[in-house]
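Below you'll find the structure, written out as structure tokens, and then a few comments.
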Amino acid sequence: MTQTAPSRTSGSRLVELGAPALLLLAASAIAWAAWSTKAASALEAGAFVTGVICVWLVVRQSIWNFPLGLLNVAAYTWIFYEYRLYADSGLQVFYFALNLIGWYLWLFGGEDRTALKVQRTSKRELAIIAVFVAASTALLWWLLGKLGGAAKFWDALTTSISLSAQWLQSRKKLECWHIWILADVIYVPLYVSRGLNLTALLYSVFLCMAVMGLIAWRKAVKE
């Protein structure tokens, strides 16, 4: 007797069907950037594409998200510096290091140096992260005031939240997606206010993909 393939959940279908739509949106954004006189630089357009593909690879738990992520981080280090978002620019340096750490952990961070699996974050660690975000935001807000940074509080807050999310993502913790969603909700209006419209669009895409990532990784935890 033949066996039928297991049916896919509605969540899995949503994640898979969302990929073509998001990639089409990325392609449309690049086309817009090519002809619009107010478009962002070619570097920002390239960072847009690598960013979308990178996050999609994270959703799929593909190890190839890390080399692509390193390229994306390098591009945004310069872009944010140009727009005086100094905390976001400095954040990319930490992203670079956390990407390297994550690359190693995803390959060898499991039992007996096997590939790492998606796990839940303990309540104790989440409490520590909340304290870190509060303290880091206060420190960066003060420091950015000295450096003459733009949007000091929001730049400091999103930087602190994003560091926490990246740390959890590098260790394949499910809750990283909750924190990314929070960060993206703040990032979109922040970048619009700074004239980084293409990057704001990118983070809108990130927001959608973070929801997809949450669905996909939650399913992986149950399995």
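The values are calculated or read from the model by the stated rules, or taken from the named source; none is laboratory data. As the structure is a computational prediction, the values presented were derived from the model and not from experiment. Cβ coordinates were reconstructed from backbone atoms using ideal geometry, including for glycine residues, and neighbour counts include every protein chain displayed.
Could we say that Ser162 is at pLDDT below 95, among the polar types (S, T, N, Q) and under 11 Å from the mean Cα position of the chain (by Cα) here? Break it down into steps so the answer makes sense when it comes.
On the way: at pLDDT below 95: yes; among the polar types (S, T, N, Q): yes; under 11 Å from the mean Cα position of the chain (by Cα): yes.
In short, yes.
Part of a helix (DSSP H, G or I) and within 15 Å of Asp155 (Cα to Cα) - does that describe any residue in region 43-58?
So the first thing to find is which residues in region 43-58 are part of a helix (DSSP H, G or I), and the list is 43-58.
Okay, now just the ones that are also within 15 Å of Asp155 (Cα to Cα), so none.
Within region 43-58 (the criterion being part of a helix (DSSP H, G or I) and within 15 Å of Asp155 (Cα to Cα)), the answer is no, since none of the residues qualifies.
Scanning region 77-91 for residues that are touching a residue at least 40 places away in the same chain (Cβ under 8 Å) and closer than 17 Å to Ser160 by Cβ, which turns out surrounded by the most Cβ atoms within 10 Å (Cβ to Cβ)?
Ranking the qualifying residues of region 77-91, first place goes to Asp88.
Starting from region 39-56, take each residue that is on the phi > 0 side of the Ramachandran plot and list its partners that are at pLDDT below 80, counting only C-beta distances under 9 angstrom and pairs at least six apart or across chains.
That search, which allows pairs on different chains as well, returns nothing.
What do you reckon, is Gly46 buried (at least 23 other Cβ atoms within 10 Å of the Cβ), closer than 19 Å to Val205 by Cα and of a type in the set (Gly, Ala, Ser)? Even if it seems obvious, please write down each step before you answer.
Values: buried (at least 23 other Cβ atoms within 10 Å of the Cβ): no; closer than 19 Å to Val205 by Cα: yes; of a type in the set (Gly, Ala, Ser): yes.
Considered against the rule, which asks whether it is buried (at least 23 other Cβ atoms within 10 Å of the Cβ), closer than 19 Å to Val205 by Cα and of a type in the set (Gly, Ala, Ser), Gly46 comes out as no.
Looking for whichever is crowded, with 18+ Cβ neighbours inside 10 Å and not basic (Lys, Arg) here; the options are Ile128, Ile179, Ile186. Which one fits? Outline the logic, then answer.
Values: Ile128 fails: crowded, with 18+ Cβ neighbours inside 10 Å; Ile186 fails: crowded, with 18+ Cβ neighbours inside 10 Å.
None of the others qualify; the one that does is Ile179.
Taking only pairs six or more apart or across chains, which ones have beta-carbon atoms under 8 Å, a first residue in region 195-223 that is more than 18 Å from Leu174 (Cβ to Cβ), and a second residue that is among the aliphatic types (A, V, I, L, M) and not in a helix (DSSP H, G or I)?
Leu196/Ala40; Asn197/Ala40; Leu198/Ala39; Leu198/Ala40; Thr199/Ala40
Mind telling me which of the residues Ile53, Ile128, Ile79 ends up being in contact with a helix residue (DSSP H, G or I) (Cβ under 8 Å, 6 or more places away or on another chain) and within 30 Å of Lys219 (Cα to Cα)?
So the residue among Ile53, Ile128, Ile79 that is in contact with a helix residue (DSSP H, G or I) (Cβ under 8 Å, 6 or more places away or on another chain) and within 30 Å of Lys219 (Cα to Cα) is Ile53.
Ala138 passes all but one of (1) over 22 Å from Lys222 (Cβ atoms); (2) under 13 Å from the mean Cα position of the chain (by Cα); (3) among the hydrophobic types (A, V, I, L, M, F, W, C); which number fails?
In the conditions (1) over 22 Å from Lys222 (Cβ atoms); (2) under 13 Å from the mean Cα position of the chain (by Cα); (3) among the hydrophobic types (A, V, I, L, M, F, W, C), Ala138 misses (2) alone.
Looking at Glu111, is it over 17 Å from the mean Cα position of the chain (by Cα), of a type outside the set (A, V, I, L, M, F, W, C) and more than 21 Å from Pro189 (Cα to Cα)?
Details: over 17 Å from the mean Cα position of the chain (by Cα): yes; of a type outside the set (A, V, I, L, M, F, W, C): yes; more than 21 Å from Pro189 (Cα to Cα): yes.
When the stated conditions are applied, Glu111 passes them.
Is it the case, given these coordinates, that Leu143 is more than 18 Å from Asn65 (Cα to Cα), aliphatic (A, V, I, L, M) and surrounded by 14 or more Cβ atoms within 10 Å (Cβ to Cβ)? I'd like the intermediate steps shown before the answer.
On the way: more than 18 Å from Asn65 (Cα to Cα): yes; aliphatic (A, V, I, L, M): yes; surrounded by 14 or more Cβ atoms within 10 Å (Cβ to Cβ): yes.
When the stated conditions are applied, Leu143 passes them.
If you take the residues of region 102-117 that are touching a residue at least 24 places away in the same chain (Cβ under 8 Å) and in contact with a Phe, Trp or Tyr (Cβ under 9 Å, 6 or more places away or on another chain), which of them is farthest from Ala151 (Cα to Cα)?
For region 102-117, the residue satisfying everything is Leu116.
Tally up the residues in region 189-223 that are within 22 Å of Ala75 (Cα to Cα), among the β-branched types (Val, Ile, Thr) and surrounded by fewer than 20 Cβ atoms within 10 Å (Cβ to Cβ), please.
1
If the requirement is being among the aliphatic types (A, V, I, L, M), in contact with a Lys or Arg (Cβ under 8 Å, 6 or more places away or on another chain) and at negative phi, which of these qualifies: Leu105, Leu100?
Criteria check complete, one pass: Leu105.
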